[in-house]
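Below is one structure, written out as C-alpha cells; comments come after it.
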Ligand SMILES: Cc1cc2nc3c(=O)[nH]c(=O)nc-3n(C[C@H](O)[C@H](O)[C@H](O)COP(=O)(O)OP(=O)(O)OC[C@H]3O[C@@H](n4cnc5c(N)ncnc54)[C@H](O)[C@@H]3O)c2cc1C
C-alpha cells in the first residue's frame, strides 16, 4: 500500500474546483479493495478521519480534507468488463471503451473526461442527457462498498437497509436533485448520493443501452425569450423521460439546453451569431440515420424561432460550427473570470416545470454581470455570477443564498447535480429542515459511530 507523508506531494490533493483549501497528515493510494479495508480498519483503530478523494472536480469542497487521512481512489482504475469497473475509473475513458463496442452508459457530466465513476455514483452526477436518461442513479445495478467499519459489502436494490438503522424518511422534491440521503429502503440507493459519508465505493456494476446510430445536434436562436420558453414547453410534451416511455408521436430530444442574451454577448466575440438573436436552445436528437427535420422546423416556426439561422449539424462542417458555438460560452466565461481576477459563483438549482418561468424572472433581475445557460429541459439552469471585485464577490455569495431559497420556495432543489459537499450544508438544512438533518446525523452515527468518513460533508458532526 502506498502511504505518503511528503507534504509537497500531498499539496496537490488539497483543493477542488470550488477552490476550498484543506490539509491532511497523510495520503493513501490503495490499489485494491483489500488495501482500502486495511486503511479503514487502521483509521478506526486510531480514530483518524478519512476523506475520500478521486479527481477533485467537485464544486462543493467534498473531497477537501480538514486533517486526517486522504484516501485517493486513483489507483482503483481497472475496467473489469463492459458492466463492471473499479470506482476510480475515469468516466470518459469507460464511455469511450463502451462506444467502441456499440454501448452507452448515459450519464454525461460535462467533466466526464476528468471525473471518476465512483464519484459520479457518490454524488449522483448527471448532465445534459439527464433530460432523457436521468442521473447516474438509474444506471447503477450494484456496488461494492467498504463500510466505515472496514467491511466489504456488495449491495443492490434487494439489499434492505437494516431495521435497526434510524428512519430517514423525508419527501425529496420531485425534480432533478442530488441533495441529501435518498429516502429509500435499499442500501444501493442509500449509497448513491451519500458523497463519501457512508462508504467508499470500490466497484461499480452498471446498466447499459445500445449506442444510438446517430445523434443530431441543433442550435436554434430566438428573438423573444417567451417564444424560446414556450418552445421548450412544447418539446417536453410526450418526450421520453427518465422512467417514462413517452409518446410515440412526440419528437423527443435527449437534451434541451438554453443560453441567454448575456451568453450570446459572450459568444459574439468568438463566433457569428444572428443579429436578432437574444437567446437560444441547443438540442440533441437520437435517430437511426434518416431524421425527418420537417416536424422539428414546424415546432420552431410555431414559436417564431429564427428559422433561417438554425444550425442542424448533419455534416462535419456543421458539426464543427456547432461545436464552436457551444464552446464559445464557457470560453467567454473563463476569459471574464481571468479578466476580473475573481472566481465565479455558479448556481446548481432545479425547480419543477411549474417554477421555471418564475425562476427565470428572478435570474433576469440580477443586476451583477452574469451568464445563464444549461439544462432548461430539466428546469436546471446554471446562473454564473461574475463579480468584478471582492465587494461584488460578497454580494454574489449573498445573492446565491437568496436564489437557493427561491428555488426551494418553488418546490426545487438546492443542488440538482453537483451535491452538497462542505460548502452547501446550510442550504441543505434550509431545504430539508432541521428534523431531517437530525435524522441524517442519527443514521450517520449508527453506520459510522466514530464519524471517520467524510467528516463535515452534508452536515456537521453531532
Ligand atoms: C468544469 C466542470 C464541469 C462539471 N460538470 C458537471 C456536470 O455536468 N454534472 C455533474 O453532475 N457534475 C459536474 N461537475 C462536478 C463534478 O465533476 C462531479 O461531482 C464529479 O462526480 C466529481 O468527480 P471526481 O472524480 O472529481 O470526484 P471528487 O471531486 O474527487 O469527489 C467528489 C465527492 O465524492 C466523494 N467520492 C469520490 N469518490 C468516491 C468513492 N469512490 N466512494 C465514495 N465517495 C467518493 C468525495 O469524498 C467527494 O465528496 C463539474 C465539475 C467541473 C469542474
Of the criteria (1) within 20 Å of residue 107 (Cβ to Cβ); (2) modelled with pLDDT of 95 or more, which one residue 258 fails
(1)
Restricted to the stretch 176-196, and to residues that are within 15 Å of residue 73 (Cβ to Cβ) and touching a strand residue (DSSP E or B) at 6+ places or on another chain (Cβ under 6 Å), which residue is surrounded by the fewest Cβ atoms within 10 Å (Cβ to Cβ)?
191
Quick one: residue 129 ticks every box in (1) out of contact with any strand residue (DSSP E or B) (no Cβ under 6 Å at 6 or more places or on another chain); (2) closer than 30 Å to residue 426 by Cα except a single one, so which number is it?
(1)
Going through the stretch 222-253 one residue at a time, which ones are more than 16 Å from residue 293 (Cβ to Cβ) and in contact with a strand residue (DSSP E or B) (Cβ under 8 Å, 6 or more places away or on another chain)?
222, 225, 227, 228, 232, 236
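So that you can scan it fast, the table gives a plain yes or no per residue for (1) under 21 Å from residue 380 (Cβ atoms); (2) crowded, with 16+ Cβ neighbours inside 10 Å:
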| position | (1), (2) |
| --- | --- |
| 252 | yes, yes |
| 272 | no, no |
| 295 | no, no |
| 298 | no, no |
| 311 | no, yes |
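Each row is one residue, and each column tells you yes or no for (1) touching a strand residue (DSSP E or B) at 6+ places or on another chain (Cβ under 8 Å); (2) over 30 Å from residue 9 (Cβ atoms); (3) outside the structural domain of residue 11 (by TED's automatic domain parsing).
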| residue | (1), (2), (3) |
| --- | --- |
| 66 | yes, no, no |
| 71 | yes, no, no |
| 89 | yes, no, no |
| 92 | no, no, no |
| 101 | no, yes, no |
| 110 | no, no, no |
| 114 | yes, no, no |
| 140 | yes, yes, no |
Test: residue in the stretch 383-393 that is buried (at least 19 other Cβ atoms within 10 Å of the Cβ), on the phi > 0 side of the Ramachandran plot and either out of contact with any strand residue (DSSP E or B) (no Cβ under 8 Å at 6 or more places or on another chain) or free of Cβ contacts under 8 Å to residues at least 40 places away in the same chain (or both):
no
Report whether or not residue 137 is surrounded by fewer than 24 Cβ atoms within 10 Å (Cβ to Cβ), more than 11 Å from the ligand (Cβ to nearest atom) and not in a loop (DSSP other than H, G, I, E, B).
yes
Give the number of residues within the stretch 116-131 that are assigned to a helix (DSSP H, G or I), more than 6 Å from the ligand (Cβ to nearest atom) and closer than 14 Å to residue 419 by Cβ.
1
In the stretch 230-248, residue surrounded by the fewest Cβ atoms within 10 Å (Cβ to Cβ) [restricted to those that are more than 25 Å from the chain's Cα centre (by Cα) and without any contact (Cβ under 8 Å) to a residue 12 or more places away in the chain]:
248
If I go through the stretch 423-443 residue by residue, how many of them are surrounded by 24 or more Cβ atoms within 10 Å (Cβ to Cβ) and assigned to a loop (DSSP other than H, G, I, E, B)?
1
Go through the residues of the stretch 88-101 one by one and say whether even a single one is within 11 Å of the ligand (Cβ to nearest atom), surrounded by 22 or more Cβ atoms within 10 Å (Cβ to Cβ), within 25 Å of residue 241 (Cβ to Cβ) and touching a residue at least 40 places away in the same chain (Cβ under 8 Å).
no
How many residues are touching a residue at least 40 places away in the same chain (Cβ under 8 Å) and in contact with a helix residue (DSSP H, G or I) (Cβ under 6 Å, 6 or more places away or on another chain) if we restrict to the stretch 158-177?
5
Looking at the stretch 315-328, is at least one residue modelled with pLDDT under 90, assigned to a loop (DSSP other than H, G, I, E, B) and in the same structural domain as residue 227 (by TED's automatic domain parsing)?
yes
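Please go through the stretch 236-278 and pick out each residue that is part of a strand (DSSP E or B) and under 30 Å from residue 336 (Cα atoms).
The first filter runs over the stretch 236-278 and keeps only residues part of a strand (DSSP E or B), leaving 241, 244, 255-259.
Result: 255, 256, 257, 258, 259.
The values are calculated or read from the model by the stated rules, or taken from the named source; none is laboratory data. What you are looking at is a predicted structure, and each value in this text was computed from that prediction instead of being measured. Every residue, glycine among them, receives a Cβ derived from its backbone with ideal geometry; neighbour counts consider all protein chains shown.
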